[in-house]
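Data block below; observations after.
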Amino acid sequence: MPDQQIYIGRFAPSPTGPLHLGSIFTALASYLQARSCNGKWLLRIDDLDTPRNIKGSVDNILRALDTLGLNWDESVSFQSQSLDSYQEVLDKLNKEEQIYPCRCSRKGQTARYDGFCRHNHINLEIPHAYRVKTDDTVISFNDELQGLMTYPIDEQGDFILKRKDQIIAYQFAVVVDDQLQAVNHVVRGCDLLDSTPKQIYLQKLLGYKTPVYMHVPIIIDEEGFKLSKQTKALAVDFKRPSEVIFYVLSLLKQNPPKEFQQATVTELLDWAIEHWSPMTLKNCKTINN
Ligand code: GLU
């Protein structure tokens, strides 16, 4: 039998606050998908957007995952430790004239960037961003839960890879990281579904392989808002980790048997890995908490 490629997945929280129910939902889905495929589950801290980082969140997140029994493989990686790699790839794209400096501000811009700086040289002494040139490519990918997704990449115009404040944009960093870490399966929230075509466009430009994508629903509150660190929607009680796992398994529509309510985290996770069936979430973009 040919050597099968090992599944490498990851969870990549941003350190912008403690893990909330919504992020635990995504973490658990990505963990179960990796473990049920006998794969690796890596943990990466997406800490590039420094103004949004909140002190203490990294420790908080690591402790929470540990308490919930979501053990990751290898050492934790931090995007802030890959700045040289991002710059190297940017320099290559710049040399190939795939990107260009841009000093346009977002103010007054419509959703689609009109490409002003692509056609006008700018004074490089002025703070500037870098945008990648887009073309009429149509990106299609088969999401494991959301089905076939098709997006013309040009819809929003050339997009930013490095911001004017010198911060590497999420779209670009994530592509370089997934490549560096040989990630071949990405399980994340549907809120990032629209970002995926941009990432696939960059992967193609750089000659990287495209991972398999699975976008799981996001949890919304009664008013229909996404649970987030901003809404502080639900403080999770980590003193009762097995109750948290049991509840999130129910949200994931895994139907954990009632008698498992008293089980330990390990027992619950072992059961969940064995019975993991993400197809119950098919075509589902949101789940009410
Ligand atoms: N860091 C991103 C977030 O917390 C997730 C990145 C990804 O999964 O690609 O929303």
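The values are calculated or read from the model by the stated rules, or taken from the named source; none is laboratory data. In this text, all values refer to a predicted model and were calculated from it rather than measured experimentally. All Cβ positions, even for glycine, are placed from backbone atoms using ideal geometry, and neighbour counts span all protein chains on display. Note: areas computed on protein heavy atoms with side chains; ligands, DNA, RNA excluded. Shrake-Rupley method; radii C 1.70, N 1.55, O 1.52, S 1.80 Å.
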Exercise for review: Scan the range 20-60 for residues that are in contact with a Ser or Thr (Cβ under 9 Å, 6 or more places away or on another chain), more than 10 Å from the ligand (Cβ to nearest atom) and assigned to a loop (DSSP other than H, G, I, E, B) and report the count.
Suggested key: 3
Review point. Of Glu222, Glu243, which residue is away from the ligand (no atom under 16 Å from the Cβ), over 17 Å from Tyr31 (Cβ atoms), in contact (Cβ under 8 Å) with a residue 60 or more places away in the chain and open to solvent by 30 Å² or more (accessible area, probe 1.4 Å)?
Key: Glu222
Exercise for review: Test Leu193 against the criterion of being open to solvent by less than 10 Å² (accessible area, probe 1.4 Å), more than 12 Å from Phe25 (Cα to Cα) and not basic (Lys, Arg), and give yes or no.
Suggested key: yes
Practice item. Could you please let me know if Leu70 is more than 22 Å from Lys133 (Cβ to Cβ) and outside any loop (DSSP other than H, G, I, E, B)? Key: no
Practice item. State the number of residues belonging to the range 159-208 that are assigned to a loop (DSSP other than H, G, I, E, B) and closer than 19 Å to Tyr100 by Cα. Key: 6
Revision key, fill the gap. Asn283: passes all of (1) in a helix (DSSP H, G or I); (2) open to solvent by 90 Å² or more (accessible area, probe 1.4 Å) but (1)
Check your understanding: Can you tell me which of Leu148, Leu202, Leu161 is modelled with pLDDT of 95 or more, crowded, with 21+ Cβ neighbours inside 10 Å and more than 15 Å from the ligand (Cβ to nearest atom)?
Key -> Leu161
Revision key, fill the gap. Checked against (1) without any contact (Cβ under 8 Å) to a residue 12 or more places away in the chain; (2) in contact with a strand residue (DSSP E or B) (Cβ under 9 Å, 6 or more places away or on another chain), Val58 satisfies every condition except (1)
